[in-house]
Amino acid sequence: MNFNATHLSTYTQGLLLGASLIVAIGAQNAFVLRQALRREHVTVIVLACGLTDAVLMAAGVFGLAALINAQPLLTSLISWAGALFLTAYGLRALWRARRPGADLHAAQGPSLSLAQALLQLAGFTLLNPHVYLDTVMLVGSVGAQQPTALRLAFMAGAASGSMLWFALLGYGGRWLAPWFARPRAWQLLDALIGITMLALAAMLVIQT
């Protein structure tokens, strides 16, 4: 396949769509930011987020969107599972935010092992129906409308937008480390995370 101006234009369209969808306050982004501030498994977390989005986008562009549209029960089950997961994590974050000391400082409190971090990330990603709506349904629907020869360029652009955002969040978050050296900042972050998780869970229940 020759990569010409048309492919570049299609790639750019995908890049802008992918970036616009992923740049929002959500459970996944909040988790990546917290890991970035703690400087724990950042590279693996960033790669896992980007590659997961890329796989879901590819699945949507190349046909899975039509399958999910035909299975409304699957969407409902994913919504309820995601709501339960987000509620549990949101309440846990609010519990941490009660006190500005101890387990809120980046250098204190229990660290997550790589397996624990990836397990939590998988929950935030795969149990969030909005991830499927954004990557599989929306990106997939737009990508499926592209001519067959341009679909790969579009999908690559959308995946690049996602990867760039997670890299920026994961590595740029370290610049915030001095501000988050104060326990009060971690308390505010956990409160924001908790409220965000519960709000997302409520939205999922209402929309189900």
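Evaluation of residue 63 against the conditions (1) at pLDDT below 80; (2) at positive phi; (3) surrounded by 18 or more Cβ atoms within 10 Å (Cβ to Cβ) shows that the sole unmet condition is (3). What do you reckon, is residue 184 of a type in the set (D, E, K, R), surrounded by fewer than 18 Cβ atoms within 10 Å (Cβ to Cβ) and at pLDDT 75 or above? Yes. Based on what the data block shows, is residue 125 of a type in the set (S, T, N, Q) and under 19 Å from residue 49 (Cβ atoms)? For residue 125, the condition - of a type in the set (S, T, N, Q) and under 19 Å from residue 49 (Cβ atoms) - is met. Candidates are the residues of the range 12-41 that are at pLDDT 75 or above and outside any helix (DSSP H, G or I); the one that is surrounded by the most Cβ atoms within 10 Å (Cβ to Cβ) is 41.
The values are calculated or read from the model by the stated rules, or taken from the named source; none is laboratory data. These numbers were taken from a predicted model, which means no experiment stands behind them. All Cβ positions, glycine included, derive from the backbone under ideal geometry; neighbour counts span all protein chains shown.
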